[in-house]
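K.L.:
Got a structure here, written out as C-alpha cells. Questions coming.
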Amino acid sequence: MTLPVGRDGVGMARTAEQRVHAFGDDALGDHDAVALARLVRNGEVSPGELAEAAAQRARTVEDALAPVAFASYRTPRVGRHSPDALLHGVPTFLKDNVDLRGMPTGHGSAAFRPRPARYTSGFAAQLLATGVTVLGKTRLPEFGLNASTEFGTAEPVRNPWQTSHSPGASSGGAAALVAAGVVPIAHANDGGGSIRIPAACCGLVGLKPTRGRLVLNDQGRRLPIDLVTDGVLTRSVRDTAAFFAAAEQHHRPAALPPLGLIEGPGSRRLRVGLVVDSPVAATDAQTRQAVERTAARLADLGHHVEPTTLPFDRQFQRDFTLYWGFIAFLIAATGKLLLDRSFQPRRLDGLTLGLRRTFHREFLRTPGVLRRLRATEHAYASVFDAYDVILSPVLAHTTPLLGHLSPNVPFEELIERLHRYVAFTPVNNVTGGPGISLPVGQTAEGLPIGVHLSAAHGQERVLLELGYALEGEAGWRRIQG
C-alpha cells in the first residue's frame, strides 16, 4: 500500500477507512507511559530519544489530523523533578489554554494574537513535576466552549479513527495525538465534558477528577462556580492512575482521601446505578447497547446493577446553558484585560457570540441560576447514599461527522445539537464529582464508544479500580490493529 506523505516526507499509516496513526518501530513502539518510564529508568532509552521519536510522529500526522497548536520539538520543556518521578522522560503535550512560560496560549481563538506566557501556571508546574517532557501545545475549539474541535475559518482537528469525524472537544487535539500514537499521555481539561467527550470519541481513558484533586485551574477558579478540572487522556487505565499518583506527590489536597498508586481492580462488590437516557435527550441505539453490555459485564464481575434515575431535569440544562453564556460574556468583556490588548470581540466565532447573546437576553435569571446550580452538589452527593457508582453514556449519540457541530452552524440549531449530544457530562462539572470515560464499545463503522462512570466526591479510586476490571476483562481496541 502506498502511504500518504506528511509535510516532512514521512509516510503516514492510513487505511482505506481514513484511519491515521503513527505507531511504528521506533523508541516509543506501542508502549504506554508507564512502560516508557520504566525503560528510561532501566537505561534502555533516554528521554531525548523518546522526545525525538514523538516529535517525528507528530510531524507524520500533522497534515491528516491538525492536532498541534504550538510545537517546541527542538526545545522541549522539562520540569525540575527527580529522575524517580513516575513519568520521568515520557513525552507529552499541554492543552493550549494553560500557561507555560515561554509558550503562547491561544485558547483556540482567532480573536487575539497570542504571545509567549510570562509565567507557568500552577497546574502546568504540577504536570511537569510528574516527570513528563512537554513538546508543545494542542488545539482546542474557541475557549473550550464547543464539543467538537472545529473553527470558524481554520481547519478542524480530525479523529484518527475516521478523519471525516469529530475527535470531540474541547481537548480534541490532545485526544487525536494520544489515539494516533504520537504520545501515550496528554494534558486535557474539562469544563462540561472536555476530558471525557474526546476520550469517548477517540477510544481513550479520560478521568475528570473531583474538584480540588489537582491544583485549581487558573481560569476556573475565577468563576462563581468552578467548572474546570485538569487531567490527562491516556490509552491505558494504569497510565491515568500513574499520572494521578505522581501529581499527588506534588500537591496532596487535605480535604480529599489520598489516592496513592492504584495498580489493579478492587475486591469490593459495588452497588451500580444504571442510567441510559437523560431528561435532555434519548440515547441512540449503538450507545445504549454499549452501556447495557457494560452493565452486564459489571454484573458478571459480581457487582449489583439496577436501573435508576438522577435528580437532574431540563431545568439543569437551561441553567447550565445560561452559565455557559455567562462565561462567553466574560470572555468578550474581559479579553483585552486578561488575554491581550489585540483582542477583538467581533472576531469571536458563532458559538461564542451566540452564547454571549443568550446571556444578554436572559441575564436577569443569573441569581436564580447560580443558586440552583450550587444546590446540585448536595443532590449529586445524595445519589451515592444508595449507590457506589453510576453507569451512563458519556454522550447521547455516537461521534458526529465534522461540520455537524461547526461554529458556523446557525446558533439556535447548533445549541440544540449540542443539547442532544452532551446530555450527561456537565453534571459532574457543576457538582465537582469525579467521572471517567472508558472505551468499551464501537459503532458499526468502527468508531469508539465510551461509557461513563461517576462516583462520590473523592472516590476516584473506585472509578480507576472498575476501569482496571473492565480493561482486564476485554481490553481496549487498538487503532493499529
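K.L.:
Working out 0.36 nm times the residue gap between Asp26 and Arg365, then minus their Cα-Cα distance, what length gain in nm do you get to one decimal?
P.N.:
116.4 nm
K.L.:
Further question: Neighbour counts of other C-beta atoms within 10 Å: give me Lys208, Lys95, Lys336 arranged from fewest to most.
P.N.:
Lowest to highest Cβ neighbour count: Lys336, Lys95, Lys208.
K.L.:
Counting DSSP beta bridges with both partners in the chain, what percentage is antiparallel, nearest 5?
P.N.:
The antiparallel fraction comes to roughly 75 percent.
K.L.:
Cα atoms only: what Rg and Dmax, in Å, come out for the chain?
P.N.:
Rg then Dmax for the chain, in Å: 20.6, 62.
K.L.:
Further, regarding this structure: Considering Cα pairs under 8 angstrom that are at least six residues apart, work out the relative contact order of the chain and quote it in whole percent.
P.N.:
Reported relative contact order: 17 percent.
K.L.:
Continuing with this model, one more query. Rounded to the nearest 500, what is the chain's calculated 222 nm mean residue ellipticity when only DSSP H runs of at least 4 contribute -39500 (n - 2.57) each, over all residues?
P.N.:
Computed ellipticity for the chain at 222 nm equals -11000 deg cm²/dmol.
K.L.:
Something else about it: Sort 253-265, 310-322 by packing, meaning the average of other beta carbons within 10 Å per residue, with the highest value first.
P.N.:
Descending mean neighbour count gives 310-322, 253-265.
K.L.:
So how strong a dipole does the range 13-474 carry about its Cα centre when Lys and Arg Cβ are +1 and Asp and Glu Cβ are -1, to the nearest 20 debye?
P.N.:
With only Lys, Arg, Asp and Glu charged at Cβ, the dipole is about 1540 debye.
K.L.:
Out of Thr308, Gln286, Thr138, whose Cα points farthest toward the positive end of the dipole of the chain (charges: +1 Lys, Arg; -1 Asp, Glu; placed on Cβ)?
P.N.:
Positive-most Cα among the choices belongs to Thr138.
K.L.:
Under 9 Å from the Cβ of Gly231, count the other residues' Cβ atoms, weight Lys and Arg +1, Asp and Glu -1, and hand me the total.
P.N.:
Local net charge: 0.
K.L.:
Quick one: if you stick a label point 7 Å off each Cα along the C-beta vector at Thr309 and Ala285, how many nm between them?
P.N.:
Placing both labels 7 Å along Cα→Cβ, they lie 2.6 nm apart.
K.L.:
Lys and Arg at +1, Asp and Glu at -1: add these up for the other residues within a Cβ distance under 12 Å of Pro434 and post the number.
P.N.:
+3
K.L.:
Sorting check: for 133-146, 152-165, which peptide has the highest mean count of neighbouring beta carbons within 10 Å, and how do the rest follow?
P.N.:
Order by mean packing, descending: 133-146, 152-165.
K.L.:
Please report the spacing between the Cα centers of the range 227-295 and the range 365-432 in Å, no decimals.
P.N.:
Using only Cα atoms, the two centres lie 17 Å from each other.
K.L.:
How much net charge surrounds Leu39 when only other residues with a Cβ under 13 Å from its Cβ are counted (Lys, Arg +1; Asp, Glu -1)?
P.N.:
-3
K.L.:
What distance in nm lies between label points placed 7 Å from Cα along the C-beta direction at Glu292 and Ala117?
P.N.:
4.5 nm
K.L.:
While we're looking at this one, here's another question. Out of the GluC sites (Glu not before Pro) in the range 422-481, which ones are loop residues according to DSSP with at most 14 other C-beta atoms within 10 Å?
P.N.:
Glu445
K.L.:
How would you rank 233-241, 77-85, highest first, on the average number of other Cβ atoms within 10 Å across their residues?
P.N.:
Top of the packing list down: 233-241, 77-85.
Every number in this text was worked out from the coordinates using simple rules, so none of it is lab data. Since the model is a prediction, treat every value here as computed from it, not as a measurement. Note: ideal-geometry Cβ built from the backbone for every residue, glycine included; neighbour counts use all protein chains shown.
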